[in-house]
Amino acid sequence: MNRQRIAVVPGDGIGPEVIAAGLTVLERVNDERKLGLELVHFGWNADEYLRTGISMPPGAMDDIRDNYAAVYLGAFGDPRVPDMKHAADILLGMRFQLDLYVNYRPVKLLNDRLCPLKEKTRQQVDFVIFRENTEGAYVGMGGIFKKGTSDEIAVQEDVSTRKGVERIIRHAFEFAKATGRKSVCMSDKNNVMRFGGDLWLRTFEEVATEYPDIEHFHMFVDALTMQMVRVPEMFDVIVTNNMFGDIVTDLGAALQGGLGVAASGNIHPGRVSLFEPIHGSAPKYAGKDVANPIGAVLTAAMMLEYLGYQSEADAIEHAVVAAIDAGETTNDLGGTLGTKAAAAAIVKHLAL
């Protein structure tokens, strides 16, 4: 792994615009702090797929695995590719082939006015969700029998392994320990999903014994979603499976101000990892300079944190908060700026 080399894959729709905005901030930090990061651009997107029929060239995954520290990824999705094959090949391909088992989603309110919950503050909406990223219902196991007939049967398998469950749960506890957080909540639906749920709960209880100073508790996922809305301050760290994690992280994004401000990492600790804002490609807004760049900017900060540049990551977050406080944002957060101008405002507030 080359610690200094970052693969930049802007993607489709608004992806290139928000990634360009994020790079505006990242490049300023890279230059001012002399980090020596090398940003290498890749043109894997719907246009390239439609032109060549290839999502990623042969050997590309090995190149990423062997020669890069991180991938900075935009959104994928284009109506001209209705089956989303290129998106699955690139995004899910990286998650599975690079074994990026940690999906890391901070839920951190940056300004009280952005929270849709009445009278909730920055201090009350500040927790982290870890979603298992390589197993569960998303592995593609199953099939369809008698397709297109009145007797059609569809089977979708949900796969959990002891190794996969234990390592994501252990990561959640290690994160809590390292960051001074007091509790870990594991969420599933083991009252009806008896077999996978049994594995998750047993493993959670066993791993928890190794961290006696950290409170641990379990919640069914329907109860979890209710409490995230009622009392988000009760959570420090949440860990859950692939499907439930996909759902509750979007709820978490809404609590912090919307998909436009949410960052994520797809991580295998110590290996090349993938960082992406969590919003979609929003094709109807592409090229209009209206997309919120904050999710992409905070994703760049998360990537720097992973690479060991904590003070630089903190400086970016502080600049984002300052821009929001000053009302220098895109329309979705109540401002009047376009994507490029919103990025420039964040750069203006950088204290390096």
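The values are calculated or read from the model by the stated rules, or taken from the named source; none is laboratory data. None of the values given here were measured: they were computed from a predicted structure. Counting neighbours? That spans all protein chains shown, and the Cβs are built from the backbone with ideal geometry, glycine included.
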Given Asn45, Asn67, which one is buried (at least 24 other Cβ atoms within 10 Å of the Cβ), touching a residue at least 24 places away in the same chain (Cβ under 8 Å) and more than 17 Å from the chain's Cα centre (by Cα)? Asn45
Residues in segment 281-302: is at least one in contact with a Leu (Cβ under 6 Å, 6 or more places away or on another chain), surrounded by fewer than 20 Cβ atoms within 10 Å (Cβ to Cβ) and not assigned by TED's automatic domain parsing to the domain that holds Gly245? no
What is the residue count in segment 169-196 for residues that are more than 21 Å from Glu305 (Cβ to Cβ), surrounded by fewer than 19 Cβ atoms within 10 Å (Cβ to Cβ) and of a type in the set (Gly, Ala, Ser)? 1
Go through segment 24-79 and count every residue that is under 30 Å from Ala351 (Cα atoms) and of a type outside the set (Gly, Ala, Ser). 21
Looking at (1) assigned by TED's automatic domain parsing to the domain that holds Met193; (2) in a helix (DSSP H, G or I), can you tell me which one Phe130 breaks? (2)
Which numbered condition Phe127 fails, given (1) touching an Asp or Glu at 6+ places or on another chain (Cβ under 7 Å); (2) exposed (fewer than 15 other Cβ atoms within 10 Å of the Cβ): (2)
So which of Leu255, Leu274, Leu333, Leu337 ends up being surrounded by 17 or more Cβ atoms within 10 Å (Cβ to Cβ) and within 30 Å of Gln97 (Cβ to Cβ)? Leu274
If we ask which residues in segment 306-327 are among the charged types (D, E, K, R) and either on the phi > 0 side of the Ramachandran plot or surrounded by 21 or more Cβ atoms within 10 Å (Cβ to Cβ) (or both), their number turns out to be 1
Checklist (1) closer than 21 Å to Ile247 by Cα; (2) in contact with a Pro (Cβ under 8 Å, 6 or more places away or on another chain); (3) not aliphatic (A, V, I, L, M) applied to Lys189, failing item: (2)
Residue under question is Ser264, and the condition is that it be touching a Lys or Arg at 6+ places or on another chain (Cβ under 6 Å) and either within 25 Å of Gln123 (Cβ to Cβ) or surrounded by fewer than 23 Cβ atoms within 10 Å (Cβ to Cβ) (or both); does it hold? yes
I'm trying to understand the selection: among the residues of segment 52-101, which are in contact with a His (Cβ under 8 Å, 6 or more places away or on another chain) and hydroxyl-bearing (Ser, Thr, Tyr)? Ser55, Tyr101
Identify the single condition in (1) among the hydroxyl-bearing types (Ser, Thr, Tyr); (2) closer than 19 Å to His279 by Cα; (3) without any contact (Cβ under 8 Å) to a residue 40 or more places away in the chain that Ser311 does not satisfy, given that it satisfies every other one. (2)
Just for helices (runs of 4 or more DSSP H) wholly inside segment 176-294: which have at least 1 residues that are under 19 Å from the mean Cα position of the chain (by Cα) and in contact (Cβ under 8 Å) with a residue 60 or more places away in the chain? 242-256
